[in-house]
1. Being out of contact with any strand residue (DSSP E or B) (no Cβ under 9 Å at 6 or more places or on another chain), among the charged types (D, E, K, R) and surrounded by 15 or more Cβ atoms within 10 Å (Cβ to Cβ) is the filter here, so list the residues in the stretch 78-122 that pass it.
2. Looking at (1) surrounded by 15 or more Cβ atoms within 10 Å (Cβ to Cβ); (2) farther than 26 Å from Thr81 by Cα; (3) modelled with pLDDT under 95, which is the one condition that is false for Leu142?
3. Being over 21 Å from His149 (Cα atoms) and buried (at least 18 other Cβ atoms within 10 Å of the Cβ) is the filter here, so list the residues in the stretch 187-210 that pass it.
4. Go through the residues of the stretch 163-182 one by one and say whether even a single one is free of Cβ contacts under 8 Å to residues at least 40 places away in the same chain and among the hydroxyl-bearing types (Ser, Thr, Tyr).
5. Going residue by residue through the stretch 204-222, is there one that turns out to be closer than 19 Å to Val135 by Cα, part of a loop (DSSP other than H, G, I, E, B), assigned by TED's automatic domain parsing to the domain that holds His129 and at pLDDT 95 or above?
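The values are calculated or read from the model by the stated rules, or taken from the named source; none is laboratory data. Please read these numbers as outputs of a predicted model, since none were measured by experiment. In this analysis, Cβ positions are derived from the backbone assuming ideal geometry, glycine residues included, and neighbour counts consider all displayed protein chains.
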Amino acid sequence: METIVAFIQTNKPYIDAAHALSSAINIVGWLLGAVLLWIAWRRNSIKSFQVGPVNFQMEEAAVEATATAARDWQAKAPMQTFDLGRIRETVGRAFRPAVLDNLTGRSVLWVDDRPANNALAVRALRKFHLDVEEVTSTEAALEVMQRRHFDLVISDMGRGDNKRAGYVLLGEMRRKGSMAPFLIFSSSDRPEFRQEAMDRGAQLSTNSIVELLDYIIRDLGERK
């Protein structure tokens, strides 16, 4: 035993140096691993990864939020079909690094007198780093648009006694010079409604969460 203690005391500087070298190698290994994971994510090579307690699952969280919103809306619009494959493809486009950079911080105004109906859809949009503001009337929408810029506006059609309130808002926006993309999101999706929306200067009329998200990604994220 005394021989072992004497050996340790005699070689303590070398043992300490070995411990320090081992610690340095571990630190370098962790840093290198983190850098490689970050590069892989930026290149869209992986959808999620984990370093210690930090779990990077933004894309999967967005898929889950969009799927939940789509299923909820399907109950309100029974003709809707649920296509998880399409949801994953649409969300995946948004998480390409350049597209996500373009989406981050973009401002969306959502106008609906029953905002609770859209709570899950709004939650989904925020997973794409969009800044979503909600108001419940045409008047409130016009007022907030005087205070700040919005990159895109989503509106329902009927509000209160006015069954065409969406078109009233669209007309006022265009009259005031706003050319922000205008998307109508309503429970009805008849072909004549889509055509009238286009004729009046809206960019889309739909009752599909996925179609709504697809347009937002294309217009705010992918368009150069």
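1. Arg86, Arg88, Arg93, Arg96, listed by residue number.
2. Looking at each condition in turn, Leu142 falls short on (3).
3. From the stretch 187-210, those over 21 Å from His149 (Cα atoms) are 187-200, 205-210; that's our starting set.
Those that are over 21 Å from His149 (Cα atoms) and buried (at least 18 other Cβ atoms within 10 Å of the Cβ): Ala197, Ser205, Thr206, Asn207, Ser208, Ile209, Val210.
4. Checked the stretch 163-182: at least one residue is free of Cβ contacts under 8 Å to residues at least 40 places away in the same chain and among the hydroxyl-bearing types (Ser, Thr, Tyr).
5. no
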